[in-house]
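Structure record follows, encoded as structure tokens.
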Amino acid sequence: MKWTQEQELAIYEDGKDILVAAAAGSGKTAVLVERIIQKMLREEEPYNIDEMLVVTFTNAAAQEMRTRVGAAIEKALQSNPNSLHLKKQLSLLQRANISTLHSFCMDVVRKYSYQLDLDPSFRILDDTEAELLRNDIIQEVFEEWYGKEGEEQEAFFRFVDSFSNDRDDAKVETLVLKMYEFAMQNPWPYEWLEQVQQTYNLNEDATLDDLPWMPIVREDIKENLQAMLFDVNQALDLAQDVGGPEHYVPTILEDKEQIEQVMEYVGAPWDDLRGVAKRNEKFGALSRKKVECDETLKEAVKDIRNRYKERVKKLNERWFNRQSSSLMTDLHQLKPLIDQLVVLVKQFHKQFQQAKKNQAMVDFSDLEHYCLEILLDDKATPEHLTGSAVAKQFQHQFKEVLIDEYQDTN
Ligand SMILES: Nc1ncnc2c1ncn2[C@@H]1O[C@H](COP(=O)(O)OP(=O)(O)O)[C@@H](O)[C@H]1O
Ligand SMILES: [Mg+2]
């Protein structure tokens, strides 16, 4: 098998973290297996298989990885039948750290549970249990807040009223739980929550363009415009095809020009972009001339055109129909609501943790957080915790950390 240049790079690159992203079936696992093999085969300080940590997201993927590494060692042995090093690898393979991320975390947490004030006989909450317990706790939290008085009560009621349209709290509870889940996906959930609060902490004179998430909004708008241009070009091709509705071409060309104009302003100050978008939100009418043409092509062109017209409508509803000053007013009013949300999320987190600890239970998210807590040194702070800092901490224990995502087996 001949590796591509990019695959070679991913196999031999050394001394830094690398991320390989490629389509399913394009050879990611093959590259990862080869990377492992080459680490064991190299002349200088060859690795032993148990000095590497290889993690996947599913058990099936871990099993496949182990089998493929085994096969690769056997194959390497055929060309180097006398290599003691390779023979040793084959015998080490059974205790190599090739597992799912969570089973790795579980091993670490069990072994060092004494550092965490956690009952070492803990067991994993299954999904149903976790959901029941979460529901109990969120009810508890809300009941407590309903019983509050004075300013706290006021803030809480304003929050509940703003996010639910009837007497039912389900929506607000879901919001708290969702925010909790987002937070827990970060290594430092509380810091992440505080960052969210910060983004709503706006100066009186801040404009939309000052907001940290505007680049993301613009990216979304740009992607929509690109999709429209793709559709416009397709409509043009069909209209100009043999038998196509050629009398539609002038209007479609105008559509195209209008979309391109908006595209030109996608990076401009918000009010300019909005102005151009509003000026171009209406498209001309298709010619009603009776012209002989292929009905299928004609209908196809109309369908495509309706598709991008619909997209324009949605884009305007979502972003351009309101003045930016009115959007800003909303944001200022959101600030105290977000603060209340964060208070509830933190309280839910504390009570949920306590409930799990009392029953010696952990969920998957706990496994990740406990494992991090054990592996990170005491001096690590959120600022240190870039992806590569985590990798370096792991590398105290393992010479190489290899992670395979396997989205294709899920
Ligand atoms: N450069 C290459 N030349 C030929 N076959 C390749 C090459 N890279 C990968 N393959 C083969 O393609 C198939 C899919 O590879 P795999 O690693 O399972 O993909 P992925 O993990 O990205 O889904 C495997 O049979 C693999 O051996
Ligand atoms: Mg794969």
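Please work out the average accessible area per residue across the range 1-65, using the 1.4 Å probe convention, and give it in Å². Walk me through the intermediate numbers first.
On the way: 3870 Å² over 65 residues.
The answer is 60 Å² per residue.
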Solvent-accessible area of E257 with every protein chain in place, 1.4 Å probe, in Å² to the nearest 10: 110
Share of alpha-carbon pairs per 20 Å distance bin for the chain, given as whole %: 19, 37, 35, 9, 0
Spin-label pair R307/D330, simplified geometry with 7 Å Cα→Cβ offset, distance in nm: 2.9
Area of Y112 that stays accessible when all protein chains are in place (1.4 Å probe, Å², to 10): 60
Contact order normalised by residue count of the chain, Cα under 8 Å, 6+ apart, percent: 27
Scattering curve values for the range 20-159, log₁₀ I(q)/I(0), Debye with Cα scatterers, q = 0.12, 0.14, 0.19, 0.21 Å⁻¹: -0.70, -0.82, -1.12, -1.22
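Based on DSSP H runs of at least 4 residues, each adding -39500 (n - 2.57), what is the mean residue ellipticity at 222 nm of the chain after dividing by all its residues, to the nearest 500 deg cm²/dmol?
Numbers: 16 runs with 253 residues, N = 410.
Result for the chain, helices only: -20500 deg cm²/dmol.
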Karplus-derived 3J(HN,Hα), 6.51/-1.76/1.60, for each residue of the range 19-28, Hz, glycine and proline x: 10, 10, 10, 7, 5, 4, x, 8, x, 5
For the range 132-143, Karplus couplings with θ = phi - 60° (6.51, -1.76, 1.60), whole Hz, Gly/Pro x: 4, 5, 4, 5, 4, 5, 5, 4, 4, 4, 5, 4
Highest-MSF residue in the chain out of L211, L177, L53 [GNM, Cα springs under 10 Å]: L211
Relative contact order %, the range 209-321, counting alpha carbon pairs below 8 Å whose residues are six or more apart: 36
Computed accessible area, H247, all protein chains, 1.4 angstrom probe, square angstrom: 20
FRET efficiency for Q351 and E257, using Cβ-Cβ distance with R0 set to 51 Å, rounded to 0.05: 0.30
The range 85-158-the range 9-70 distance, computed between alpha-carbon centres (Å): 28
Cys residues of the chain counted as unpaired, since no other Cys beta-carbon is under 4.7 Å: C293
Placed amide H near T100: partners under 5 Å, 5+ positions off or other chain: T56
Max mean-square fluctuation residue, GNM over the chain, Cα-Cα springs under 10 Å, options K298, K178, K39: K298
Karplus-derived HN-Hα couplings along the range 228-236 (A = 6.51, B = -1.76, C = 1.60, θ = phi - 60°), whole Hz, x at Gly and Pro: 5, 4, 4, 5, 4, 5, 5, 4, 4
Gaussian network model of the chain, springs between alpha carbon atoms under 10 Å - residue of E260, E295, E144 with greatest fluctuation: E295
Residues of the range 209-321: accessible area per residue with a 1.4 Å probe, Å²: 60
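Leaving out ligands, DNA and RNA, what percent of the accessible area of the chain is carbon and sulfur, probe 1.4 Å? Intermediate results must be reported in sequence, preceding the final value.
Working: 12040 of 24130 Å².
It is 50 percent, rounded to a whole number.
The values are calculated or read from the model by the stated rules, or taken from the named source; none is laboratory data. The structure presented is a predicted model; accordingly, all values stated were derived computationally and were not measured. Because the Cβ atoms are built from the backbone with ideal geometry, glycine has one as well, and the counts that use them run over all protein chains shown. Quick note on the areas: whole protein, heavy atoms, side chains included, nothing else; ligands and nucleic acids left out. Shrake-Rupley method; radii C 1.70, N 1.55, O 1.52, S 1.80 Å.
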